[in-house]
Amino acid sequence: MRTPIGRPLAVFIAATTAVAIAACSPPEKQDDSKSAVGGAATATSAADLGGLDALIAAAKKEGELNVIALPPNWANYGEIIKAFGTKYGIKVNSAQPDGSSQDEINAANQLKGQDKAPDVFDLGGSVAGANVAMFAPYKVATFADIPDSLKEAAGTWVNDYGGYMSIGYDSAKVPAPTSVADLLKPEYKGKVALNGDPTQAGAAFGGVQMASLANGGTVEDITKGVEFFGSLKKAGNFLPVDPTAATIESGQTPVVFDWDYLNVAEAAKLKTWKTFVPSGAVLGSYYVQAISKDAPHPAAARLWEEFLYSDDGQNLWLNGGARPVRADAMQKAGTIDAAAFAALPKVEGTPVVPTEAQNAKAKEYLTANWAKTIG
C-alpha cells in the first residue's frame, strides 16, 4: 500500500527521535517577562505576546531573520525563504547553504551574542539530540496537529519534514530498477552513484543502510550493505562521483542513491528522472526544527516557525517532495496540496527508522571497512 506521510512513519520515529531527544529536553518554564518589551525571547507561544498579529508586528520591527544550512534545492527551501520574506517583508539572511547540521551548532556557539548568529535550526536527529540545551521552547498555533511522537511536549524541538532513502534514475538512460539487486546487472555498468562518502555524508550512509536492509541485513549490522557496494564495484557498476544537479542533468550520474525528496526535486529539471523506493528496504528519517534560545531576532524566529507549520509552509515542503509532519491533519481538513501529495514516490513496506545507537554501531563498522571494500 501507499504509506501515508505522517502517522505511520511517526510510529517508528517514536523509538528514535522521541527517545533520543526528549530524554534531554528541559521542562517548560514560565516567565513573567514574556509580556514585557523584548518578551519574544521568552515567549512560548504567540499568545504570550498578545496573539499572532502582535508577533508579526514584533518580527517586522526586528526586520531580519538568520537561517543557516538551507540549500535552495533542499526540500524547496529556496521557495520557502522567498515566500516568508515576501509575505512579511522580513529580510532573510541565509548563511552556509551547503553547511551540515553540526555547522549550524558550531555557528551558533561561535557567533553567540552577535547579530549574525542563527535564529533557527534545521537539524538531523542525532545533532539535535546532543544540543537540546541550546533550544527555546515554543508551540506554534498548529502544535496539536503534530503527532506526539514527533515533538517535545513543550515545543523545544519539533520534527518538520521527512522522507525515505531512494534510488533516482534517468529513465532515458537505464531500465527502471525493481529492486536494489537490479543495480548489479550489466545495464547499470559505470552508472550507480552514492551521494557522498558514507563515512561523512548522511545521505550516503543512509544508502548503505538501505542496501543492508535490501540484502537481509539491518540498519545496525550493515555488513550486507557494505558487501553490496563491494559487489557493485567489482561488477564495474559503482561510479565514484559525488552526484550534483549538473552531473545528473549531463547524464554523468544516471543512477543516484539519495533521499526521495532530493531525487524528486531533480525531476523538475530533468523530465526523464524517476524516483524509486524499494519495498522491503524502506529507510525513513525526519529532520528537526528548533529556535535558538540566543536568537538575535527572537520574534522573527518564532514567526518563521509559525509559517513553516502553517498550511502554506507545509505545502511548500510537500511541493519540494518532502513529507510534512502535519500531513495527516491537513488531509483530514482538506488543506493539503492533493496533486503534490499524489506525486510522492510510492512506498510499500514497513518503514525502518534507525536509533542513534544503531547508527553509531553501523558507523563504527563502516569506518573500519568502507575504504578497504571500495578503495
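The values are calculated or read from the model by the stated rules, or taken from the named source; none is laboratory data. Nothing here was measured: the structure is a model prediction, and the numbers come from that model. Cβ atoms come from the backbone with ideal geometry, glycine included; neighbour counts cover every protein chain shown.
Checking each residue in region 317-340 for being assigned to a helix (DSSP H, G or I), more than 18 Å from the chain's Cα centre (by Cα) and either surrounded by fewer than 19 Cβ atoms within 10 Å (Cβ to Cβ) or of a type in the set (Gly, Ala, Ser) (or both) picks out Ala329, Gln331, Lys332, Ala333, Ala338, Ala339.
Every residue, every condition in (1) in contact with a Leu (Cβ under 9 Å, 6 or more places away or on another chain); (2) within 21 Å of Ser310 (Cβ to Cβ); (3) at pLDDT below 95, yes or no:
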position: Pro118; (1), (2), (3): yes, no, no
position: Asn131; (1), (2), (3): yes, no, yes
position: Phe135; (1), (2), (3): no, yes, no
position: Thr156; (1), (2), (3): no, yes, no
position: Ser166; (1), (2), (3): yes, no, no
position: Lys173; (1), (2), (3): no, no, no
position: Ser179; (1), (2), (3): no, no, no
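Among the criteria (1) assigned to a helix (DSSP H, G or I); (2) over 29 Å from Phe276 (Cβ atoms), the one Ala295 does not fulfil is (1). Remark: pairs (first residue in region 196-216, not assigned by TED's automatic domain parsing to the domain that holds Leu239; second residue of a type in the set (Val, Ile, Thr) and part of a loop (DSSP other than H, G, I, E, B); Cβ separation under 9 Å; 6+ apart in sequence or on different chains) are absent.
When Thr156, Thr247 are screened for being touching a Phe, Trp or Tyr at 6+ places or on another chain (Cβ under 8 Å) and among the polar types (S, T, N, Q), only Thr156 passes. Restrict the check to region 122-133 and report whether at least one residue is part of a loop (DSSP other than H, G, I, E, B) and closer than 22 Å to Gly207 by Cβ. Yes, that holds for at least one residue.
Candidates are the residues of region 64-74 that are part of a loop (DSSP other than H, G, I, E, B) and free of Cβ contacts under 8 Å to residues at least 60 places away in the same chain; the one that is farthest from Pro118 (Cα to Cα) is Pro72.
To keep it simple, each residue is scored yes or no on (1) out of contact with any Gly (no Cβ under 7 Å at 6 or more places or on another chain); (2) assigned to a helix (DSSP H, G or I); (3) modelled with pLDDT under 95.
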{"residue": "Gln209", "(1), (2), (3)": "no, yes, no"}
{"residue": "Ser212", "(1), (2), (3)": "no, yes, no"}
{"residue": "Gly217", "(1), (2), (3)": "no, no, no"}
{"residue": "Asp221", "(1), (2), (3)": "yes, no, no"}
{"residue": "Phe229", "(1), (2), (3)": "yes, yes, no"}
{"residue": "Leu232", "(1), (2), (3)": "yes, yes, no"}
{"residue": "Asp242", "(1), (2), (3)": "no, no, yes"}
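Considering only region 301-316, I want to know if a residue exists there that is among the small types (Gly, Ala, Ser), assigned to a loop (DSSP other than H, G, I, E, B), crowded, with 20+ Cβ neighbours inside 10 Å and outside the structural domain of Val219 (by TED's automatic domain parsing). No, region 301-316 has no match at all. Can we say Asp258 is acidic (Asp, Glu) and in contact with a strand residue (DSSP E or B) (Cβ under 8 Å, 6 or more places away or on another chain)? Yes, satisfied. Kindly indicate whether Ala343 is over 30 Å from Gly236 (Cα atoms) and at pLDDT 90 or above. Here the answer is no, as Ala343 does not meet what is asked. Does at least one position in region 260-280 carry a residue that is small (Gly, Ala, Ser), surrounded by fewer than 23 Cβ atoms within 10 Å (Cβ to Cβ) and at pLDDT 95 or above? The answer is no; no qualifying residue exists. Gly349 meets each of the listed conditions (1) in a helix (DSSP H, G or I); (2) more than 20 Å from the chain's Cα centre (by Cα); (3) not hydrophobic (A, V, I, L, M, F, W, C) apart from (1). Applying the criterion of being over 16 Å from Val127 (Cβ atoms), of a type in the set (A, V, I, L, M, F, W, C) and in contact (Cβ under 8 Å) with a residue 40 or more places away in the chain to the residues of region 75-108, the residue that is surrounded by the fewest Cβ atoms within 10 Å (Cβ to Cβ) is Ala83. Within the option set Ala41, Ala47, Ala54, Ala58, being in a helix (DSSP H, G or I), of a type outside the set (Phe, Trp, Tyr), touching a strand residue (DSSP E or B) at 6+ places or on another chain (Cβ under 9 Å) and at pLDDT 95 or above holds for one residue only, Ala41. Looking only at residues of region 244-258 that are outside any helix (DSSP H, G or I) and touching a residue at least 24 places away in the same chain (Cβ under 8 Å), we find that the one that is nearest to the chain's Cα centre (by Cα) is Asp258. Selection over region 148-191 of residues that are of a type outside the set (Val, Ile, Thr), assigned to a loop (DSSP other than H, G, I, E, B) and crowded, with 20+ Cβ neighbours inside 10 Å gives a count of 4.
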